[in-house]
1. State yes or no: is Glu602 in a loop (DSSP other than H, G, I, E, B), at pLDDT below 95 and away from the ligand (no atom under 16 Å from the Cβ)?
2. Quick one: how many residues across the range 812-836 are of a type outside the set (Asp, Glu) and within 16 Å of the ligand (Cβ to nearest atom)?
3. From the list Lys207, Lys173, Lys250, pick out the single residue that is of a type outside the set (A, V, I, L, M, F, W, C) and modelled with pLDDT of 90 or more.
4. Using the structure shown, decide if Gly712 is within 16 Å of the ligand (Cβ to nearest atom), closer than 26 Å to Val802 by Cβ, crowded, with 24+ Cβ neighbours inside 10 Å and not basic (Lys, Arg).
5. Name every residue in the range 623-663 that is surrounded by fewer than 21 Cβ atoms within 10 Å (Cβ to Cβ), of a type in the set (Val, Ile, Thr) and more than 30 Å from Asp579 (Cβ to Cβ), in order of residue number.
6. Can you work out which of the residues in the range 669-685 that are hydrophobic (A, V, I, L, M, F, W, C) and modelled with pLDDT of 95 or more is nearest to the chain's Cα centre (by Cα)?
7. Might you check whether a residue that is of a type outside the set (Lys, Arg), within 16 Å of the ligand (Cβ to nearest atom) and over 24 Å from Ala739 (Cβ atoms) occurs anywhere in the range 659-677?
8. Take Gln688 and tell me if it is over 19 Å from the mean Cα position of the chain (by Cα) and modelled with pLDDT under 95.
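The values are calculated or read from the model by the stated rules, or taken from the named source; none is laboratory data. Note that the structure is predicted; figures quoted are calculated from it, not measured. Note that we place each Cβ from the backbone using ideal geometry, even for glycine, and neighbour counts take in every protein chain shown.
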Amino acid sequence: MRIPGLILGFCALITTTIMAQNGDQILDGIGETSLIARYTFKSDANDWSRNNLHADITGKDYHFVVDSLFGNVLSFAGKAETHITIPGEAVTGEESLSISAWVYPRSAGQGQVFFDFGKNSQSHLFVELKQNGEQSSTVAQLHTAAKSYKLSSEALALNTWHHLALVIDLPSKSLKMYINGKLSEQIQNVELSLSDLFDLETGKENKLLIGTSLLAGNSPLEAAIHDFRLYRIPLNEWQIGWIHAVALNKEESVVRRRRRTEPNRELPVFPTTTPQLYNAFLTAVPDIKVETPVGQLPRLPRLVKGIYSNGIEGPDVKVIWPAPEDNSQVLSPGTYEVTGSVAGTDLQPKALVTVRTPEKQKAPERKLEAFGLDQVSLNMDCHHDKTKFIENRDKFFNGLAATNPDNFLYMFRNAFGQPQPEGAEPMGVWDSQQTKLRGHATGHYMTALAQAYISITYDEALKAKFAQKIDYMVNTLYELAQLSGNPQNPGEAFVADPCQVPPAAGKAGYDSDLSEEGIRTDYWNWGKGFISAYPPDQFILLEQGATYGGSNAQVWAPYYTLHKILVGLMDIYELSGNDKALDIVKGMGDWVYARLSKLPEETLISMWNRYIAGEFGGMNEAMARLYRITGEKSYLETARLFDNVRLFYGDAEHSNGLAKNVDRLRSLHANQHIPQIMGALEIYRDSQAPEYFRIADNFWNMVTGDYMYSIGGVAGARNPNNAECFTAQPSTLYENGFAAGGQNETCATYNMLKLTAELFMFNQRAELMDYYERGLYNHILASVAEHSPANTYHVPLRPGSVKQFGNPHMNGFTCCNGTALESSTKLQNSIYFKSIDNKTLYVNLFVPSSLHWKERKITITQNTAYPREDKTSLTIEGKGKFDLQVRVPHWANKGFFVKINGKEIKVDAKPGTYLSLKRKWEKGDVLELHMPFSFYLEPVMDQQNIASLFYGPVLLAAQEEEARTDWRKINLDARDISKSITGDPAKLEFMVDGVLFKPFYNTYGRHSVYLDVNLK
Ligand SMILES: [Zn+2]
């Protein structure tokens, strides 16, 4: 099965390589995240996209022929029934659909059907190439049980190529047909949902046929076809024109950035006179002064206090500062001035920067630790209701308990040529037989099992189930790893040295063939310690320069997959104490070190900069962690071999990059890079090399300041067009963000939370855990389906969007389905932290829970219904002197009130800080915290009237009836927006301008998270 709407999009590392990726990641200017499937029909009916939606050809009346325009094409001879079947799941879960294809009709016989898609002969969409005597036409017809629509054009001339595109655009309720790049006919006000046409749940009912009809009586197609594509977005006229022109070589298929002067084609454009929220009342933004050490770009404040007119109490102002692409301004001591801008105004705040010779920079120390997952447990809320945390956890625990580990081991056994036990079934999506990423889900699965196992303190039977699965997984993988580089039978030849792995028998070179018949299984030649769900060839091909792709000379991302497997095993080792798990990791760590340590630096740089192929997840983190666990220096050395030099240091001379606070994130694939930054922080932890800390700290600051959506997600560029990339420029979310193919890849937020918590261990800024709360409640909790553990890939935030959930049965994983297993089995892990010396306790989150602080023999029970109420209480059992550090959230600007044992105590609690409550705590002490929630708006940085509405930590979503193209408009009182909002805080349901708002984490239908806000 394939998860709807889910495509992995790894994006390039740097701008220049993006420009060179013609037709790959951004095919004809349209991000691959929008593409469902593509059939080039050059020599087979395989899906060229990475979704593995390979089609079948039925019948014999076809040939692949050479065509003067397009090279090889598929030709139907028109003599006998022959057709192509695209897998029905291709359209599952989709909202809109565009079909783009080339056709070369050779005869005008009656009843030739180009393609016919639908669930049956009453509900379908088809294109007929027909001729009725003198009246000839090409007709697209769409029929559902309730409606019929017809689009016609002149007949397509015979014996020449035509480009045909059909667009079902649900948000704008239109149906359009384009011929040769031009709109031919359209129908507006179409009453239709794709579910009228297709089975959107399983896709089993769908018939997606090319060259034949769902109705009886058609004639065999006599035509050639070429480059048949399905898109999940409604393509616009410009995009279709571009596809047409590129195919005819009239335009170059390079990634094309939208120029500032070009119209914004997809989102409403506002005149500069549109009042921009509070900025409409802004009269001045005072100049500021900052200092920075030589070499490092200054960290300019995101928000500056504004001066407002009319007695308006506006928020601090988002100033958009220029973000240079190098550090030439700060190479020597002195001063200079930076001029910023404020969206929707002509204010020009200034920052006077003093560049000074750095004193010896102190590198921060890691002072905190998380508690073990077995030391914190999630509780029912104070009304004895299940919390969202418990609901989501239980969906995943129950789902995991029902899994068969043999399915997760299937491709490993397949790679090692071992028999499958009874009942073992291959998984789908990215772990299927021929998917070169197979094995990745197994890594996430092992992490999830380990976390679930250690978390369970309340159900011995369930715990035992997880223990059993863990042992079985590790034992099987251990046995397989032992096979590598050892003789199959005593006395037979073998290759123990990882650097001497020969090509498979009978082959001249390495190849990545994973088909049943083509996969090599000669594990005795693979070098000692090797473990993966595919043979070593992908790793070796990558060293030899292989690119990403489907051919046997190409690879997907071998180290990305390996990272998941190694982390899964290390988690098992650390959480359940299974030594064999660590042995497997050491064996493969040695294998990787043996190979990578022999490569010249330029080869490494080339590998890690190679589009998709070189994506390595957090291999640097995994290897540094292995060093921390084992003390073996070669692993730390290996970790550093994964340095992303361009991103971290700008160039081989380490001139700038993130280490110097230079933004190198523009247009990068978000989630490709976040784990690398996590790796930098782990290397810092293990090596104390200060530049690695700066890389992580600067990265976090840039991403959350300049690229973040209100749910805490950070990806989703419209420019460059890819749902998984950072925008082309910082602080341009409106201009360049909100990709049509979706935004907010969920695994990116999983990794951001991990990075955030780890940064907090070094630097206890409340800002970090404020972000953590935002991402946890408004993205991670919001990413799970209502009644199953199915979960989101992208979380779209355009007007009237809807979340799509995949993988309910845990049998077909994408990256995000993988990290969802991890997120939902460790939901309690950041509520509390402690100092390493056990003298300080941090209360970061207000979640019903119990903490067992074993070193201090103290138990703390947090009792609350937060965020359905704005207070919490902590009861302390045990006693002793310690400093209780409580987060005062950034949004708590209506006060933060503290009672100890019922008595109010005076505190100076500033929003966005931690409040220290140092005392000798006694058994039975009760600490009550009250932080009144209020409503506030979070505008998009470069289009302030487009804003999200929050209530305390909770992002509120307008509940929408249908898809829409414009932002929902609401009016709010400029002096006090709460005057315009009614509702029930205990339910977190509110009405604004007649529309119901609910927490985004409780929203399963259509939503508007961003609104067009007018302050009156
Ligand atoms: Zn993902």
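1. No; evaluated as a whole, the condition is false for this residue.
2. Of the residues in that region, 12 qualify.
3. When all the criteria are applied, what remains is Lys207.
4. When the stated conditions are applied, Gly712 passes them.
5. Val645
6. Ile674
7. No, the conditions are met nowhere in the range 659-677.
8. It is true that Gln688 is over 19 Å from the mean Cα position of the chain (by Cα) and modelled with pLDDT under 95.
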